[in-house]
1. Does Val103 meet the test of being open to solvent by less than 40 Å² (accessible area, probe 1.4 Å), farther than 15 Å from Thr60 by Cβ, in contact (Cβ under 8 Å) with a residue 60 or more places away in the chain and β-branched (Val, Ile, Thr)?
2. Got a number for residues in region 117-140 being over 23 Å from Thr59 (Cβ atoms) and crowded, with 17+ Cβ neighbours inside 10 Å?
3. What number of residues within region 1-32 are open to solvent by less than 100 Å² (accessible area, probe 1.4 Å) and modelled with pLDDT under 75?
4. Between residues in region 15-27 that are closer than 15 Å to Tyr41 by Cβ and residues that are at pLDDT 75 or above and open to solvent by 70 Å² or more (accessible area, probe 1.4 Å), which pairs lie under 6 Å by C-beta distance while being six or more apart or on different chains?
5. Check Glu142, Glu78, Glu90 and return the single one that is at positive phi and among the acidic types (Asp, Glu).
6. With (1) touching a strand residue (DSSP E or B) at 6+ places or on another chain (Cβ under 9 Å); (2) open to solvent by 40 Å² or more (accessible area, probe 1.4 Å); (3) modelled with pLDDT under 90 as the list, and Gly143 as the residue in question, which single condition is left unmet?
7. Exactly one condition in (1) within 30 Å of the chain's Cα centre (by Cα); (2) at pLDDT below 80; (3) open to solvent by 90 Å² or more (accessible area, probe 1.4 Å) is false for Val45; which is it?
8. Report yes if some residue within region 147-154 is over 15 Å from Thr59 (Cα atoms), surrounded by fewer than 18 Cβ atoms within 10 Å (Cβ to Cβ) and either of a type in the set (Asp, Glu) or out of contact with any Lys or Arg (no Cβ under 9 Å at 6 or more places or on another chain) (or both); otherwise report no.
Amino acid sequence: MANHGDLSPPADGGSQELIPVIYQSPYSMTPQGPPCSWLFYYRPVPLGGFRRPVYEDGTTRVLCLSQMFSPDQLEDDEYYQKFCWRMTAEGQRSGGKLRRTVVPRPDPSGAPVAGVGKVFLEYADIDSAAYSKTMLHWMWFEGRQVFAVFYPEDKFAAGDYDG
């Protein structure tokens, strides 16, 4: 074993004990012939595991995706069904625990409908929604860049998709 000098852990004032670990590479050699070795300090994970991530203010279980399509595309029934299926699949792929997908559709009579042009994804928990936001925000979809924001759960539950 090579001489590593002082094996004491760095003085960082931490209360948790650091464990020295020496790694010797079987693939790289020093000019003198013995294998190269490195000294690392390992801090064990506490019994409670890692801390939960800290979320930004306003994090909810509902995501609102915009700038994905033009509202007139949703007038075609076949396109609308395929689009809803794709959004459900994308929401499950990016976040996992997707509960519900809402894609407001334009009224055939031309009356204004709240939330047209947006996609709402409701997740089972905040962790899934936060992860999905990081995956979907600024993603490209059919030549357009998607913008993802958290949407208030009370408005979503009331069916208020304008905002």
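The values are calculated or read from the model by the stated rules, or taken from the named source; none is laboratory data. In this text the structure is predicted, and so the values were computed from the model without any measurement. Backbone-built Cβ (ideal geometry, glycine too); neighbour counts: all protein chains shown. Surface accessibility is based on the protein's heavy atoms, side chains included, excluding ligands, DNA and RNA. Shrake-Rupley method; radii C 1.70, N 1.55, O 1.52, S 1.80 Å.
1. On the way: open to solvent by less than 40 Å² (accessible area, probe 1.4 Å): yes; farther than 15 Å from Thr60 by Cβ: yes; in contact (Cβ under 8 Å) with a residue 60 or more places away in the chain: no; β-branched (Val, Ile, Thr): yes.
No: the conditions fail for Val103.
2. Start the filter on region 117-140 by keeping residues that are over 23 Å from Thr59 (Cβ atoms), which leaves 117, 140.
Cutting the leftovers down to crowded, with 17+ Cβ neighbours inside 10 Å gives us 117.
Total satisfying the criteria: 1.
3. 12
4. Pairs that qualify, where the first residue is closer than 15 Å to Tyr41 by Cβ and the partner is at pLDDT 75 or above and open to solvent by 70 Å² or more (accessible area, probe 1.4 Å), are Leu18/Tyr41; Pro20/Tyr41; Val21/Phe40; Tyr23/Trp38.
5. Answer to the selection: Glu142.
6. For Gly143, the failing item is (1).
7. Val45 satisfies all of (1) within 30 Å of the chain's Cα centre (by Cα); (2) at pLDDT below 80; (3) open to solvent by 90 Å² or more (accessible area, probe 1.4 Å) except (3).
8. Taking region 147-154 first, the residues over 15 Å from Thr59 (Cα atoms) are 147.
Imposing the further condition that a residue be surrounded by fewer than 18 Cβ atoms within 10 Å (Cβ to Cβ) reduces the set to 147.
Still in the running and either of a type in the set (Asp, Glu) or out of contact with any Lys or Arg (no Cβ under 9 Å at 6 or more places or on another chain) (or both): 147.
Yes, region 147-154 contains at least one residue that is over 15 Å from Thr59 (Cα atoms), surrounded by fewer than 18 Cβ atoms within 10 Å (Cβ to Cβ) and either of a type in the set (Asp, Glu) or out of contact with any Lys or Arg (no Cβ under 9 Å at 6 or more places or on another chain) (or both).
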